[in-house]
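The block underneath contains the structure these notes are about, expressed in structure tokens.
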Amino acid sequence: MFIRTYIAYLKKLIRTKSVVFWVIVFPFALGTLFYLAFGSIYSSSRSNPIEVSVVVSDDAIKEYKDINPAATDKVTAKDLPISLMLKELKYEDDSPMLKLFYEDKDKAKKNLKSKKVKGIITVNGINDIILDISENGLTQDILANIISIYKSNTSIIEEKITSMIESGNLKVSDEKNTSMIETGNLKVSDEKNTSMIESGNSEVSEEIFTPDTEYTEYVTNKALMGDNNDPYLIYFYNLIAMVCIMGSLSVLDCVCSAHSSESYEGMRICVSPVNNIIMNLSIFAACLTFQIAVTLITLIYLIFGLGINFGGNLGYIFLTAVLGTLLGCSLGFFIAGIHGLKLKTRNSILMWIMLGGGFLSGLMFANMKSIIEEKMPLINRINPSAVLTDAFYSINLYGIGDRFMRAIYYLVILTVLLLSASIILSRKKEGGVYASV
Amino acid sequence: MEEIVRVNNLVKRYKDLIALDNFSFSIKKGEIFGLLGPNGSGKSTTINCILSLLTYDKGEVYLFGEKMNVNRNDIKKRIGLIGQNVAVFNELSVYENIDFFCGLYINDKATRRKYVEDALEFTGLNDYRKKSPKKLSGGLIRRLNIACGIAHKPELIIFDEPTVAVDPQSRNNILEGIKDLNKNGATVIYTSHYMEEVEEICSRILIMDKGHEICQGTADELKGQIKNTENVILNVKYIDESDLEGLKKIHHVYSVKYADKVLTIRFSGGKHNISHVLDYISEHSINYERIYSELPTLNDVFLEITGKELRD
Ligand SMILES: Nc1ncnc2c1ncn2[C@@H]1O[C@H](COP(=O)(O)OP(=O)(O)OP(=O)(O)O)[C@@H](O)[C@H]1O
Ligand SMILES: [Mg+2]
């Protein structure tokens, strides 16, 4: 029974021209439209550097001079390791990622306020760096990433120093200094040491403090989450999320068509001795199969047809899309299972969830989701589009890490909840007779 | 004889409207039971209540001697429904449709294949098995609708106006088919507002109106209940009021009606009634085009009991 119904409904779906037309043509059209609309914007924004103010305190310069024997009096803010690294960060096309404005605190604040810059990087010491931003967004996330990666990686520099000391290249006799190095507060104030380093190993110090390409690439990649920082990508995530959620419509349609109150075929099914749960599950499975195919086709079109770089691991993107389709279909299954509603009502509930959810998760304004996250995070946990875009976003932004796992976790929880509720609701047949007038 | 259907005091309300008003009847094994009534009299409502597609406010339904409810899959197994409207999937072929609906009842693959072939054969759809229902003519699609309802060889088959909007030839096919099914052992409920059909195939008829039973019995029994025995009908272009009065005075005539250029004279009893009418007409030089005599129909039964025509 299960397999027969499954096959019959799969055939029904594939052979319904209007369904095929809508589920395929619609995402394709919208995807292409997004592509055309944002194509020019983001191709320029990609190589456009992010404007940042850099405020370097005198203390930081002094500290640097103290530890770096090669440093002369001519050292300026631009010579600090952090500055060198910031300067070295490049997009794929080798254009600089950041545009740096070295200025004083007040001017920087003014610029941030007037949105001339996206953030202020305040350098108070080698490892004492603070980022100020005025709003949330992808660009700001990138800045935050750069800083946090830099901070966590100064320990690598320290390790380098330590290992050099151990290997004898760098002699630091003072116990105090060694411990200082270890704790991260690298301060070499001893004249003797400085001169020792100076006399023997200026090349070594170069090596320590000048960022190598490998390192900047590492920071770039980390900061740019995978390798695409395209802020308009959120629209494509939303598009894929919408295609996934749209699966709910075909499930709703098919499951309801087996209700006696919604179609004559449904009346026929209802007078037959079928188990309603098996019937509904097999219709659900047929729709799910169909919708997964649709989602994958859309994704393949976006990635390989339009050449949109989703960043991150493609395998996980596809996995997320499949799970998302399961979520969408479960949503439709659940709405179809609620007793005593007219199909029209069910459809409009879904429309509201889809469009409203899309709106709240940033289909129209990319910033919407972070606003909701601040004000009412619960909505982002139960809004299917938000849960789904979040998962995509995490892959790209943070790779397969905690945040992605958390997003997938919410995705799976929501799906399981909806599916179980649908199955429980399916135990009772929907009554009534269909009257087409 | 075993009682297949028993309906006790069924009451069904749609808000203010009482669609079934303490409606009761029973059907024995092997009958073709006709449920005859004008549009909106409650035939489909009755069927839907019997099948538990609708909930009802009062009363009981027993099928095969057991109380029917939504969850009685064991009872549902033994029933086939051919609804008032075509219920097939347009996206599936003729064969796939029959196979799908038969599959809701018959799990065994070999049996099902045989049953589907039988149904194709029975409804004469063998040549169309691969066709999409969309490409079938009105008559053929009705046959497909029947095939889907009977493929699993049910013991009780319910037809709800299967001949609506069907050409006369297909209609005859369908009626013959129903008789065959009955001969093969199925008990049949047949609802219609076409009295000729009901009269032709049904072994017992229940006439209903506004959710009530008007009368029931065989066609002859029903006709025997009324005083009307013969109707003489004339096509007349014009007739005087005085002549209508005059015709009424003929022996055994109890009603004379002139409408739409048709003059209907109803008799209760009497012989050679038509010649008495002819005598009067030639005497008063009334011009007529055609004259004929008819035995009372179920329409007359309905008319006499309810005071209105069965067909509107
Ligand atoms: N869902 C409904 N809501 C309200 N009234 C209804 C509903 N279904 C039927 N009715 C009313 O109940 C009465 C009986 O309807 P039913 O469909 O049983 O008649 P029927 O004898 O089958 O007529 P037909 O020959 O037109 O099929 C009608 O007056 C109809 O208007
Ligand atoms: Mg009806």
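The values are calculated or read from the model by the stated rules, or taken from the named source; none is laboratory data. Values in this document were obtained by computation on a predicted structure and should not be read as measured data. A quick note on method: Cβ atoms are made from the backbone with ideal geometry, for glycine too, and the neighbour counts reach across all protein chains shown. All accessible areas refer to the heavy atoms of the entire protein, side chains included, with ligands and DNA or RNA removed. Shrake-Rupley method; radii C 1.70, N 1.55, O 1.52, S 1.80 Å.
Brief remarks follow.
- Per-region count, segment B:54-85, residues more than 16 Å from ligand 1 (Cβ to nearest atom), closer than 24 Å to residue B:101 by Cα, in contact with a helix residue (DSSP H, G or I) (Cβ under 7 Å, 6 or more places away or on another chain) and not small (Gly, Ala, Ser): 3
- Residue B:107 falls short on exactly one of the conditions (1) within 21 Å of residue A:429 (Cβ to Cβ); (2) touching a residue at least 24 places away in the same chain (Cβ under 8 Å); (3) more than 16 Å from ligand 1 (Cβ to nearest atom), and that condition is (2).
- Some residue of segment B:88-109 being open to solvent by 20 Å² or more (accessible area, probe 1.4 Å) and either touching a strand residue (DSSP E or B) at 6+ places or on another chain (Cβ under 7 Å) or within 16 Å of ligand 2 (Cβ to nearest atom) (or both): no
- Tabulated pairs, segment B:53-74, first closer than 14 Å to residue B:156 by Cα, second open to solvent by 60 Å² or more (accessible area, probe 1.4 Å) and part of a strand (DSSP E or B), C-beta under 7 angstrom, 6+ apart or interchain: B:62/B:6; B:65/B:3; B:68/B:62
- Scanning segment B:182-201 for residues that are of a type in the set (Gly, Ala, Ser) and closer than 18 Å to residue B:63 by Cα yields B:185, B:186.
- Of all residues in segment A:378-418, those satisfying the criterion of being over 10 Å from the mean Cα position of the chain (by Cα) and outside any helix (DSSP H, G or I) are A:383, A:400, A:401.
- The residues listed here are A:247, A:266; of these, the one that is within 11 Å of another protein chain (Cβ to nearest Cβ), closer than 14 Å to residue A:336 by Cβ and part of a helix (DSSP H, G or I) is A:266.
- Taking segment B:94-130 as the range and being within 12 Å of chain A (Cβ to nearest Cβ) and in contact with a Pro (Cβ under 8 Å, 6 or more places away or on another chain) as the test, the residues that pass are B:97, B:104, B:105.
- For segment B:55-82, residues that are open to solvent by 20 Å² or more (accessible area, probe 1.4 Å), facing chain A (nearest Cβ under 7 Å) and either assigned to a loop (DSSP other than H, G, I, E, B) or touching a Leu at 6+ places or on another chain (Cβ under 6 Å) (or both) total 3.
- No other residue among B:163, B:191 is touching an Asp or Glu at 6+ places or on another chain (Cβ under 6 Å), within 16 Å of ligand 1 (Cβ to nearest atom) and under 28 Å from residue B:99 (Cα atoms) apart from B:191.
- Scanning segment B:21-39 for residues that are surrounded by 22 or more Cβ atoms within 10 Å (Cβ to Cβ) and within 14 Å of another protein chain (Cβ to nearest Cβ) yields nothing.
- Failed criterion for residue B:42 (all others in (1) in contact (Cβ under 8 Å) with a residue 12 or more places away in the chain; (2) within 8 Å of another protein chain (Cβ to nearest Cβ); (3) within 16 Å of ligand 1 (Cβ to nearest atom) hold): (2)
- Hits in segment B:256-275 (condition: within 28 Å of the chain's Cα centre (by Cα) and surrounded by fewer than 17 Cβ atoms within 10 Å (Cβ to Cβ)): B:257, B:259, B:260, B:262, B:264, B:268
- Filtered by the rule that a residue be under 22 Å from the mean Cα position of the chain (by Cα), of a type in the set (D, E, K, R) and in a loop (DSSP other than H, G, I, E, B), segment B:7-30 gives a lone residue, B:29.
- Residue identified as open to solvent by 10 Å² or more (accessible area, probe 1.4 Å) and closer than 23 Å to residue B:104 by Cα among B:223, B:130: B:130
- So residue B:278, is it under 30 Å from residue B:218 (Cβ atoms), free of Cβ contacts under 8 Å to residues at least 24 places away in the same chain and surrounded by 14 or more Cβ atoms within 10 Å (Cβ to Cβ): no
Yes/no matrix, rows are residues, columns are (1) buried (at least 22 other Cβ atoms within 10 Å of the Cβ); (2) at pLDDT 90 or above; (3) within 16 Å of ligand 1 (Cβ to nearest atom):
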position	(1), (2), (3)
A:328	yes, yes, no
A:349	no, yes, no
A:377	no, no, no
A:416	no, yes, no
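Residue-wise test of (1) buried (at least 24 other Cβ atoms within 10 Å of the Cβ); (2) β-branched (Val, Ile, Thr).
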| residue | (1), (2) |
| --- | --- |
| A:240 | yes, yes |
| A:251 | yes, yes |
| A:276 | no, no |
| A:280 | yes, no |
| A:291 | yes, no |
| A:297 | no, yes |
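- Qualifying position, being small (Gly, Ala, Ser) and assigned to a loop (DSSP other than H, G, I, E, B), among B:270, B:246: B:270
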